[in-house]
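Down below is the structure, laid out as structure tokens.
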Amino acid sequence: MVSDLHRFVDNKRIAEAIARAEATTGASISVKIAARTSGDIHAAALRAMHIHGLTRRPERNSVLFFVVPSRREFAVVGDTVAHERLGQETWNSVVAIVEKHFRAGDPTGGLVAGVDEVGRYLMRHFPLAPPSGA
């Protein structure tokens with residue numbers, strides 16, 4: 001899912017990165033750019049996961065990149081099973097990759113690199129199931 005990215009990043013490159021990553025895993029990856037939010041960015045990201053239905057997947061393995069340009073903040077959050085399986089070291093690594101690009105003024109590159117990185121981890125923990133009857 002890509003929403004309201006046209007003002008902040010290259011929507012097409014983000015969508016391509018998500019499609020590329022999701023082609024290798026049974027997990028779901030989304031990016032949400034919020035005009036504004038109040039309170040803790042991590043809590044806002046978790047609320048956004050719920051609002052956008054990412055917590056309704058039975059596998060509980062969705063990941064959300066939540067960006068608030070007006071606050072110059074972002075969070076990367078996973079649903080319960082994704083969060084547990086990937087572990088804090090992985091989340092820290094993904095955040096560091098995105099942050100490096102954001103600080104360099106390349107938000108598109110940051111999100112693409114972050115999606116690529118989390119996709120590699122999700123592929124290990126949640127490989128794409130073969131189609132039924134295959």
Check your understanding: Looking at region 27-38, is at least one residue over 13 Å from the mean Cα position of the chain (by Cα) and within 24 Å of residue 124 (Cβ to Cβ)?
Key -> no
Study note, to complete from the structure: Per the list (1) more than 21 Å from residue 21 (Cα to Cα); (2) assigned to a helix (DSSP H, G or I), residue check on residue 105 breaks on (2)
Practice item. Tell me, yes or no, whether region 5-12 has at least one residue that is surrounded by 12 or more Cβ atoms within 10 Å (Cβ to Cβ) and closer than 21 Å to residue 121 by Cα. Key: no
Check your understanding: Counting just the residues of region 67-87 that are farther than 17 Å from residue 125 by Cα and under 13 Å from the mean Cα position of the chain (by Cα), which one comes out surrounded by the fewest Cβ atoms within 10 Å (Cβ to Cβ)?
Key -> 75
Revision key, fill the gap. Flagged in region 35-50 as of a type in the set (D, E, K, R) and either in a loop (DSSP other than H, G, I, E, B) or buried (at least 20 other Cβ atoms within 10 Å of the Cβ) (or both), in numbering order, are 36, 40
**Study point:** Options 64, 46: the member that is farther than 24 Å from residue 105 by Cβ and either touching a Pro at 6+ places or on another chain (Cβ under 6 Å) or among the aliphatic types (A, V, I, L, M) (or both)
**Key:** 46
Review point. Any idea how many residues of region 92-114 are over 11 Å from residue 10 (Cβ atoms) and among the polar types (S, T, N, Q)?
Key: 2
Study note, to complete from the structure: If we keep only residues of region 51-66 that are modelled with pLDDT under 95 and more than 14 Å from residue 27 (Cα to Cα), then the residue surrounded by the fewest Cβ atoms within 10 Å (Cβ to Cβ) is 51
Check your understanding: Before we move on, is residue 90 outside any strand (DSSP E or B), within 14 Å of the chain's Cα centre (by Cα) and among the hydroxyl-bearing types (Ser, Thr, Tyr)?
Key -> yes
Exercise for review: Report, by residue number, each residue of region 31-42 that is under 20 Å from residue 118 (Cα atoms) and free of Cβ contacts under 8 Å to residues at least 40 places away in the same chain.
Suggested key: 32, 33, 41, 42
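The values are calculated or read from the model by the stated rules, or taken from the named source; none is laboratory data. A quick note: this is a predicted structure, and the numbers were derived from the prediction, not measured. Backbone-built Cβ (ideal geometry, glycine too); neighbour counts: all protein chains shown.
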